[in-house]
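Visitor: Please find one structure pasted underneath; my questions will follow.
All of the numbers you see were taken from the coordinates with simple rules; none came from a lab. Since we're looking at a predicted model, the values are computed, not measured. FYI the Cβ positions are ideal-geometry reconstructions off the backbone, even for glycines, and counts take in every protein chain you see.
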Amino acid sequence: MPLSRVNCIATLQHLVAASLAADRGVTTNELLQNLQASDHLRDGPAALDSLEQLAVARAVAEFFELEKTGAEEWLLRRYRLSEWSELICDNLNDGTLDQIRFRSGGTTGEPRVVVQGLAHLLSEVREIRELVRNTLRIIALVPLHHIYGFIWGPLLGDELNVPLIHGEEAVKAAHHNLQPGDLLLGVPEWWQYLGNISHGLPAGVIGVTSTAPCPPEVVRAALAKGVETMIEVYGASDTGGIAWRTESGRGFQLFRHWCKQDDGHLVSDAGTVGLLPDHVEWQSDRTLIPLRRRDEAIQVGGVNVWPERVRAFIERHPGVACCSVRPMATGHGTRLKVFIVAEHPKDDGLKTELRDWLRANLSAAERPINLTLGDSLPRNAMGKLCDW
């Protein structure tokens with residue numbers, strides 16, 4: 001059984017919350033708590049109306065490729081996620097559904113649908129099982145409808161037959177109730193935060209980090225707090241997990257279902273060719289070190305963000321003549337900053353107006369938190385754009 005009904009419901013809760021939160025003007029976590037409080041979509045705390053149910057039914061049908069079953073319309077006549085999960089799991093388990101569709105991209109770029117075969121994902125899960133065979137619980141501080149969370153959360157939880165803790169309960173467990181045998185899933189920003197807490201962690205907790213490079217000092221801090229092993233996972237939505245390591249600074253070891261084809265490509269055991277998301281240094285045919293992204297994306301809170309797309313979006317505002325967007329390091333991870341040249345330099349209220357506009361139109365990851373106004377964009381002696 002690739003996916004149990006309980007872990008399917010957990011995935012659906014994350015998927016529905018992510019689909020509706022922005023339109024409602026609430027956080028995904030707030031809506032997720034409402035969905036976890038009641039199985040009923042229409043009468044529970046989440047209280048979807050008919051148009052919202054239509055929207056989330058589309059998202060669910062896309063994620064699980066339900067058009068193969070003709071069940072999209074059926075989702076509109078059922079009001080409990082448990083009923084939706086029953087249909088999905090029955091069709092996954094009999095082989096009718098064999099692909100998962102993940103969305104990659106953000107507000108400033110056209111989201112792409114990335115199709116992953118279930119067999120490919122499960123081959124990764126079987127290898128992960130060998131790395132974490134003593135796990136008793138999975139504590140997921142990451143979204144379960146993203147590929148990292150889906151593989152290491154619902155799929156791995158069912159492979160190991162252990163409880164999956166997610167949402168607000170996972171946050172509470174990470175702070176106050178970690179136990180030996182816990183597998184704690186996070187992104188670098190979460191690990192940076194947990195490395196600064198005052199108390200240590202119990203022995204026997206394994207950490208996992210993915211979606212972006214985790215700075216060595218963050219890994220060292222987590223280990224100093226008591227994490228037994230930190231597993232760093234290198235991958236992408238287009239490929240799933242590519243490689244892993246347990247020693248910061250060493251090369252990443254390819255998962256067994258991948259082999260090197262050439263310097264920029266992998267080939268799976270099913271013959272699928274995958275493009276590496278980064279330029280890499282190959283230490284051997286099965287060991288690599290990522291160097292830099294091919295597509296100029298950066299990671300903010302585990303989300304791909306393209307500064308140039310954010311720049312183009314901000315320049316659509318009528319009060320902005322031009323701008324430059326760059327990543328900035330903070331005490332809580334990477335965020336964006338923007339230098340703005342105003343269309344009307346004496347517009348004293350522009351910065352406040354832009355903050356409200358950005359908050360309304362960009363996701364938290366894409367939104368610059370530091371706004372600087374000036375008469376011209378900063379350039380170096382050669383006339384090239386530079387930092388400020």
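Visitor: So what is the relative contact order for the range 1-97, in percent, with contacts set as C-alpha pairs under 8 Å and at least six apart?
Guide: Relative contact order for the range 1-97 comes out at 35 percent.
Visitor: Right, next: Hey, got the dipole for the range 1-97? About the Cα centre, +1 on K and R Cβ, -1 on D and E Cβ, debye to the nearest 20?
Guide: Using Cβ point charges on Lys, Arg, Asp and Glu, the range 1-97 gives about 140 debye.
Visitor: For a quick check: sort 259, 214 by the number of other beta carbons within 10 angstrom, fewest at the front.
Guide: By the 10 Å Cβ count, ascending, the order reads 259, 214.
Visitor: Right, another one. Taking the structure as given and computing semi-axes √(5λ) of the Cα gyration tensor in Å, which label from [x] 36, 24, 22; [y] 34, 28, 22; [z] 40, 27, 17 fits?
Guide: Correct label, based on the coordinates given: [y].
Visitor: Another question, then. Given the Cα-Cα distance of residue 83 and residue 372 and 0.36 nm per residue of separation, how much length would full extension add, in nm?
Guide: Net length gain for the segment: 99.0 nm.
Visitor: Work out from phi, with θ = phi - 60° and the Karplus expression 6.51 cos²θ - 1.76 cosθ + 1.60, the ³J(HN,Hα) of each residue of the range 58-64, listed in order in whole Hz, and give x for Gly and Pro.
Guide: Whole-Hz 3J(HN,Hα) from phi for the range 58-64: 4, 4, 5, 4, 5, 4, 9.
Visitor: Related question: Can you compute the FRET efficiency between residue 119 and residue 176 using 1/(1 + (r/R0)^6), with r the Cβ-Cβ distance and R0 = 41 Å? Round to the nearest 0.05.
Guide: Efficiency for this residue pair is about 0.60.
Visitor: Gap in Å between the Cα centre of the range 140-171 and the Cα centre of the range 256-318?
Guide: 24
Visitor: What distance in nm separates the simple spin-label points at residue 228 and residue 193, each placed 7 Å from Cα in the Cβ direction?
Guide: Between residue 228 and residue 193, the simple spin-label model gives 2.5 nm.
Visitor: Pull up all non-local amide H partners of residue 248: gap of 5 or more, or a different chain, and H-to-H distance under 5 Å with H placed in the peptide plane.
Guide: Counting only residues 5 or more places away or on other chains, the set is empty.
Visitor: Which whole-number percentage describes the relative contact order of the range 214-314, with Cα contacts under 8 Å and a sequence gap of 6 or more?
Guide: 15
Visitor: Based on the mean of other Cβ atoms within 10 Å per residue, sort peptides 278-287, 224-233, 9-18 so the most packed one is first.
Guide: Going by the mean number of other Cβ atoms within 10 Å, highest first, we get 9-18, 224-233, 278-287.
Visitor: Report the net charge of residues surrounding residue 201, where surrounding means a beta-carbon distance below 11 angstrom and charges are Lys +1, Arg +1, Asp -1, Glu -1.
Guide: That works out to -1.
Visitor: Looking at the range 321-388, which trypsin sites (Lys or Arg not before Pro) are in a loop (DSSP not H, G, I, E or B) and have at most 16 other Cβ atoms within 10 Å?
Guide: 346, 384
Visitor: For the chain, what is the mean residue ellipticity at 222 nm derived from helices alone (per DSSP H run of n ≥ 4: -39500 (n - 2.57); sum divided by total residues; nearest 500 deg cm²/dmol)?
Guide: -10000 deg cm²/dmol
Visitor: Hey, another quick one. Please identify every one of the GluC sites (Glu not before Pro) in the range 49-83 that sits in a loop by DSSP and has no more than 15 other beta carbons within 10 Å of its own beta carbon.
Guide: Counting only loop positions with at most 15 other Cβ atoms within 10 Å, none of the GluC sites (Glu not before Pro) in the range 49-83 qualifies.
Visitor: Still on this structure, I have one more. Expressed as a rounded percentage, what relative contact order does the range 306-373 have, with Cα pairs under 8 Å and six or more residues apart?
Guide: About 32 percent, as a whole number.
Visitor: If you don't mind, another one. Non-local amide H neighbours of residue 80 (under 5 Å, H modeled in plane, Pro and chain starts lacking H): which ones?
Guide: 41
Visitor: A follow-up question, please. May I ask for the distance between the Cα centers of the range 49-64 and the range 197-244, given as a whole number of Å?
Guide: Cα centroid of the range 49-64 versus Cα centroid of the range 197-244: 34 Å apart.
Visitor: Within the range 242-272, what residues put their amide N at less than 14 Å from the label point 7 Å along the Cα-to-Cβ vector of residue 281?
Guide: Answer for the range 242-272: 249-252.
Visitor: Sticking with this one: So which lysines can residue 384 reach, going by Cα to Cα under 29 Å and dropping same-chain residues fewer than 8 places off?
Guide: 337, 346, 351
Visitor: Another one. Rank the residues 248, 85, 237, 210 as a footprinting-exposure proxy: fewest other Cβ atoms within 10 Å of their Cβ go first.
Guide: Listing 248, 85, 237, 210 from fewest to most nearby Cβ atoms yields 248, 237, 85, 210.
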